[in-house]
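The values are calculated or read from the model by the stated rules, or taken from the named source; none is laboratory data. Keep in mind that this is a model prediction, so the values were computed, not measured. Note that we place each Cβ from the backbone using ideal geometry, even for glycine, and neighbour counts take in every protein chain shown. Quick note on the areas: whole protein, heavy atoms, side chains included, nothing else; ligands and nucleic acids left out. Shrake-Rupley method; radii C 1.70, N 1.55, O 1.52, S 1.80 Å.
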Amino acid sequence: MALYVAAILNHPAVTAGDDSQDAETSSNRPALLRLLEWLRDTAYDANDECVAIGERLYGEEFLDEYEEMHAFRDARPAIFSAIRAFLSHANADVRHTALVAAIPLIEHPLLTQHQAALASHARRLLATSTDRRHRDRVLDALKAWGHDTSGLEDASDIAAREHYALLRTARASREGGYSEDPPF
């Protein structure tokens with residue numbers, strides 16, 4: 001399915017209305033943007049971190065037994081090729097969603113060479129976007145690629161990072177038991 005979605009991204013029926021700036025609700029979101037979002041979410045569901053979690057929980061053969069994920073991971077170069085065309089799109093929502101979708105795809109060994117180009121796109125996104133999900137994904141990627149992000153973060157990024165740290169601390173303190181006795 002992912003290869004089909006990637007193949008139709010540039011079809012006129014999909015790109016019609018993709019320059020609309022009124023895409024706040026899902027019913028108004030252009031088809032191109034919705035398809036890129038689906039590819040983005042699927043790419044994160046099949047990234048190296050998810051595979052590592054699966055292998056930790058289900059054993060080393062996890063990926064061999066999960067054929068759909070294995071097929072998606074094998075198709076990452078073709079999917080990236082289709083998404084790459086939208087990294088310079090006129091619509092910022094399309095451009096940013098394409099970037100966030102491309103990030104987990106370049107974990108594929110044949111695509112790691114594109115990190116520098118994506119880092120450049122990431123810096124442009126951070127200069128213009130207020131979308132928390134996009135900013136978090138891009139900042140995480142830049143950090144994973146060894147970039148210093150301290151000068152790229154704004155006050156909301158710092159507040160979000162501190163909030164996430166508090167949530168992780170609270171979750172860690174509850175591991176192994178309840179924070180209070182259960183009411184039963």
For region 88-98, which residues satisfy the criterion of being within 14 Å of the chain's Cα centre (by Cα) and either of a type in the set (Gly, Ala, Ser) or open to solvent by 10 Å² or more (accessible area, probe 1.4 Å) (or both)? Asp93, Arg95, His96, Ala98
Are any of the residues in region 99-112 under 27 Å from Asn10 (Cβ atoms), open to solvent by 10 Å² or more (accessible area, probe 1.4 Å) and part of a helix (DSSP H, G or I)? yes
Tell me whether region 114-127 contains one or more residues that are in contact with a Ser or Thr (Cβ under 9 Å, 6 or more places away or on another chain) and open to solvent by 30 Å² or more (accessible area, probe 1.4 Å). yes
Return the only residue of Asp19, Asp45 being more than 15 Å from Ala82 (Cβ to Cβ), touching a His at 6+ places or on another chain (Cβ under 9 Å) and either at pLDDT 80 or above or surrounded by fewer than 18 Cβ atoms within 10 Å (Cβ to Cβ) (or both). Asp19
Does Ala102 satisfy the condition of being closer than 28 Å to Ala16 by Cα and among the small types (Gly, Ala, Ser)? yes
Name the pairs: first residue in region 132-158 and in contact (Cβ under 8 Å) with a residue 12 or more places away in the chain and acidic (Asp, Glu), second residue open to solvent by 50 Å² or more (accessible area, probe 1.4 Å) and assigned to a helix (DSSP H, G or I), Cβ to Cβ under 8 Å, at least 6 apart or on different chains? Glu153/Arg161
Candidate set from region 131-153 (those that are over 21 Å from Ala98 (Cβ atoms) and open to solvent by 60 Å² or more (accessible area, probe 1.4 Å)); member that is nearest to the chain's Cα centre (by Cα): Gly146
Verdict on Glu162 being open to solvent by 40 Å² or more (accessible area, probe 1.4 Å) and touching a helix residue (DSSP H, G or I) at 6+ places or on another chain (Cβ under 7 Å): no
